[in-house]
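Below is one structure, written out as structure tokens; the observations come after it.
The values are calculated or read from the model by the stated rules, or taken from the named source; none is laboratory data. No experiment lies behind these values; they were computed from the predicted model shown. Counting neighbours? That spans all protein chains shown, and the Cβs are built from the backbone with ideal geometry, glycine included. Ligands, DNA and RNA are stripped out before the accessible areas are found, and what is left, the full protein with its side chains, is counted by its heavy atoms. Shrake-Rupley method; radii C 1.70, N 1.55, O 1.52, S 1.80 Å.
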Number of protein chains: 2
Amino acid sequence: PTPENASPRSGQQLDSPSIAERDTLSKRESGVTARSPMRLRMEAFIKENQQEIVRALEALDGSQRFQVDKWDRPNGGGGISCVLQDGKVFEKAGVNTSVVYGTLPRAAISKMRVNHKALDPDVENLEFFAAGLSLVLHPQNPMAPTVHLNYRYFETANQDGTTNAWWFGGGTDLTPSYLFDEDVIHFHRGIKEACDAHDKDYYSRFKKWCDEYFSVKHRGETRGVGGIFFDDLDETEKDQESLFAFVQTCLGAFLPSYLPIIQKRRDMPFTEKEKQWQQLRRGRYVEFNLVHDRGTAFGLNTPGARIESILMSLPLTARWQYQHEPEKGSREERLVNVLKKPVDWV
Amino acid sequence: PTPENASPRSGQQLDSPSIAERDTLSKRESGVTARSPMRLRMEAFIKENQQEIVRALEALDGSQRFQVDKWDRPNGGGGISCVLQDGKVFEKAGVNTSVVYGTLPRAAISKMRVNHKALDPDVENLEFFAAGLSLVLHPQNPMAPTVHLNYRYFETANQDGTTNAWWFGGGTDLTPSYLFDEDVIHFHRGIKEACDAHDKDYYSRFKKWCDEYFSVKHRGETRGVGGIFFDDLDETEKDQESLFAFVQTCLGAFLPSYLPIIQKRRDMPFTEKEKQWQQLRRGRYVEFNLVHDRGTAFGLNTPGARIESILMSLPLTARWQYQHEPEKGSREERLVNVLKKPVDWV
């Protein structure tokens, strides 16, 4: 049985409530407080931030509002997709939250055990919870960079419904079509500050991880100029409170790290040729997301997943031109050189 | 070791020549005749057809010539990529041939053994040969359909350099943005005639296989309105001569099956809205090719592969629009309905 088709109860004893049922009850009885399970605190946190980010981006774009779609999943959970399309500043901007209660089949459990030894290898399937905020902004102006952000929390349940394994993942990264060093430095500086407030090693570890993860392997290029990426941060890294605090700081650092850049670039003049170069870079973005991104692949392979929310990360328009080569010494060539050999920006 | 990095000799006895060496010698000594190994006959056949197709498409487009790139592979073989871009009739047209001599690692052999029991499961790697012609035409006019075709021959060598397993694969399929039933019927009729000349069961078997293979699973749609697809046709199907004759008939049927359609649609009037719908359908084409197509995945994962030739199948331009729904009763909706439930056209 697939995760979605399996009964939400199949991973547990019949006399214990599912975590979805526990969470519904807990929210009704006492709301969400600092003493609630991390699942509910993370859900509340990402939803607040989604609203704040959507408001800020609407104010910035000025031309139109986000379309807001709320959807429920049959086995518990659901999501809110906020998408602004063909705006004045943004060609496409998606800010999604999703909360999933489901069951993992044995094959998925075996894969996850590589990083989480607490997972029981002998069960047929396992109840899980996942909550995350994902954001991708594709600006109209080719001088303004695309940005991506995702923070997520994952948990599995024991047979009796108590927490088994849990971890945080996420990051943020910048994808310019034209390189303005000052923008990239500003972006990295903001993230580094957020990291440094929690652990002096985080920025360099997660910056490297980002360059490795966002690699368009078949092109020998990174997707963009990086940022941070991390996954599987669990009790072997730090306690749950500390990691939640870290994720909170990171997400809080997003608007100050990106808004000054888009404000500076949104109205810059550009040529038709520069617009075409942006479209070609958008094609590479599509290549990464459809060929290499694990999150996208996981989503597309999940029966019953909301495809439109997963693929909101794709740009409104993209281009593939056979054998396109940037001119020697051009700004386009400089970008590609940086993508072939990641730079330490701060 | 990966197929490309391994020595071309590692799968054989040191005193026997590689199949690449045998083929070079054979071509030099006696040219390619009906008594040559199938490898050389298939190579000659696809190259002749590539030239003929390129000439016909150039004559049709009228506005420009194909860019022709010849490339060699370090371990033997090579390819010819012919691409016409931003023409009067074609937004992008690619007609490629490739000939590959390489070695398969054990993991790849195990996968192939499912269909070819002649493959020795106990060797560490195996010399192989692959030759194929691939073609994708994306017209400018949204009333004119995209078409794809691929015919290929695969062979593995015994330790002494003689032929071990061999098989043919291929097919052709049509992807319209707007449905003209008469076009689809003409296309399918041409293929059916080609199939019927060899085996009365082929068309219905390979039509079904095509609908199954070109499925954009995450959308619940087929990529287009089908055609034929087959793979692994070996001696358990028919003898080598018969199968080669079948592939020859199929490839020969291509121009008559497609040219009348493009001639009829190339200059039809269309609106900006219809052009946008074409762009959205191009987005779906990209989704299939990058997420589901086994040939593309194999190519992108092959170290040293020529990425530009593999990705010539992608359209020049594509579009992803959040939550786009065709209007009730529209032509766009009718297309989507057909893609959700394949039709028997002839």
Picking from B:ARG294, B:ARG266, which residue would you name as being touching a residue at least 60 places away in the same chain (Cβ under 8 Å) and among the basic types (Lys, Arg)? B:ARG266
Just give me the residues in the range B:25-53 being over 15 Å from B:TYR153 (Cβ atoms), modelled with pLDDT under 95 and either open to solvent by less than 60 Å² (accessible area, probe 1.4 Å) or among the aromatic types (Phe, Trp, Tyr) (or both), in sequence order. B:SER26, B:GLY31, B:THR33
List the number of the failed condition for A:THR103; all other conditions in (1) crowded, with 24+ Cβ neighbours inside 10 Å; (2) in contact with a helix residue (DSSP H, G or I) (Cβ under 9 Å, 6 or more places away or on another chain) hold. (2)
With respect to the numbered conditions (1) touching a strand residue (DSSP E or B) at 6+ places or on another chain (Cβ under 9 Å); (2) closer than 30 Å to B:LEU104 by Cα, which one is the sole condition not fulfilled by B:ILE261? (2)
A:LEU179 within 14 Å of another protein chain (Cβ to nearest Cβ), farther than 30 Å from A:VAL123 by Cα and in contact with a Lys or Arg (Cβ under 7 Å, 6 or more places away or on another chain): no
Members of the range B:81-96 that are touching a residue at least 40 places away in the same chain (Cβ under 8 Å) and crowded, with 23+ Cβ neighbours inside 10 Å: B:SER81, B:PHE90, B:LYS92, B:ALA93, B:GLY94, B:VAL95, B:ASN96
Here is a list of conditions, (1) under 16 Å from A:ALA144 (Cβ atoms); (2) buried (at least 23 other Cβ atoms within 10 Å of the Cβ); (3) in contact with a helix residue (DSSP H, G or I) (Cβ under 6 Å, 6 or more places away or on another chain), and A:PHE230 meets all of them except one; can you say which number that is? (1)
Out of B:TYR202, B:TYR151, sole residue that is over 23 Å from B:THR97 (Cα atoms) and touching a helix residue (DSSP H, G or I) at 6+ places or on another chain (Cβ under 6 Å): B:TYR202
Which of (1) open to solvent by 30 Å² or more (accessible area, probe 1.4 Å); (2) under 21 Å from the mean Cα position of the chain (by Cα) is the odd one out, the single condition B:ASP122 does not satisfy? (2)
When the range A:294-335 is checked residue by residue, the ones that are of a type in the set (Ser, Thr, Tyr) and either facing chain B (nearest Cβ under 8 Å) or open to solvent by 70 Å² or more (accessible area, probe 1.4 Å) (or both) are A:THR317, A:TYR322
